[in-house]
Amino acid sequence: MDYRSIVFIVLLFVFLVLLVRFYAKGHSPKSFDWPRFIARIGIFSAIAAVLYVVPIFQINLPFFPAFLALHFDEIPIFVAGFAYGPVSAFAIIVVKTIIKLPFTSTLCVGELSDLVFSAAFVIPAALIYKRIRNLKGVAIGFGVATLIQVAVAMLMNVYAMLPFYMFVMGFTEESLLAMCQAANPNITSLGWPYAFYAVLPLNLMKDAIVIVVTFLVYRSLHLFLRYQRKA
């Protein structure tokens, strides 16, 4: 792990501390249960990190470039976001990213991008469900979140992620394009053809799986997750 990873970890820890302080401001000392909050973040972050870090849970498909993979770490983050709110969900995203950083093979480019993608997907849905706590809220939340996440993923890949990969990791445009065309000849450039033939279908496929599994898991566990013992 180089100095960039260390700096990024320090910054994420600082951000997480600020996030927790911000969350605590909205709760009186009597109503805010610190041990419960930390335990929830820890448990769901561990599950998300396993799904994010362990290679067996990442799926590469032959018709997508090798550097694009399906991973489903957003499922426990969604469940926590619906049960405990968007702030808890974002804290889990940050902790999951911190856990992954020592294992980075992309000089943190992939991890930083995944943080943004996960936040764009989970946070809008959790915010909507927080206000509309029924099946209508779930449907609206998933629909809006999918549109936002796909749009962010396409824009970031075209204008930020691929250029950053080439700048930080030394890839040439020709080598990346060759990898993409080996998987899908329709990808004629690293611009919008790449976005429409690789980023869009991959994210729609992943989002659909995440949404179905999240719905089934949360519907089965929501009463247990939101149970609080009466004083």
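Observations
- Reachable aspartates and glutamates, given that their alpha-carbon falls under 16 Å from the alpha-carbon of K206 and they are not under 8 places away in the same chain: D73, E74, D114
- Within segment 20-155: Cβ-based charge dipole about Cα centre, in debye rounded to nearest 20 (Lys, Arg +1; Asp, Glu -1): 660
- Size of charge dipole - segment 92-231 - debye, nearest 20, with Cβ of Lys, Arg +1 and Asp, Glu -1, no other charges: 1220
- Charging the Cβ of each Asp and Glu at -1 and of each Lys and Arg at +1, and nothing else, the dipole of segment 82-173 about its Cα centre rounds to 540 debye.
- Structural descriptor for segment 95-157: relative contact order 30 percent, calculated from alpha carbon pairs under 8 angstrom and at least 6 residues apart.
- Sequence of K206, K136 when ordered by accessible area, the most exposed leading, probe 1.4 angstrom: K136, K206
The values are calculated or read from the model by the stated rules, or taken from the named source; none is laboratory data. In this text the structure is predicted, and so the values were computed from the model without any measurement. We place every Cβ from the backbone using ideal geometry, glycine too, and count neighbours over all the protein chains shown. Just the protein is used for accessible areas: all its heavy atoms, side chains included, with ligands, DNA and RNA removed. Shrake-Rupley method; radii C 1.70, N 1.55, O 1.52, S 1.80 Å.
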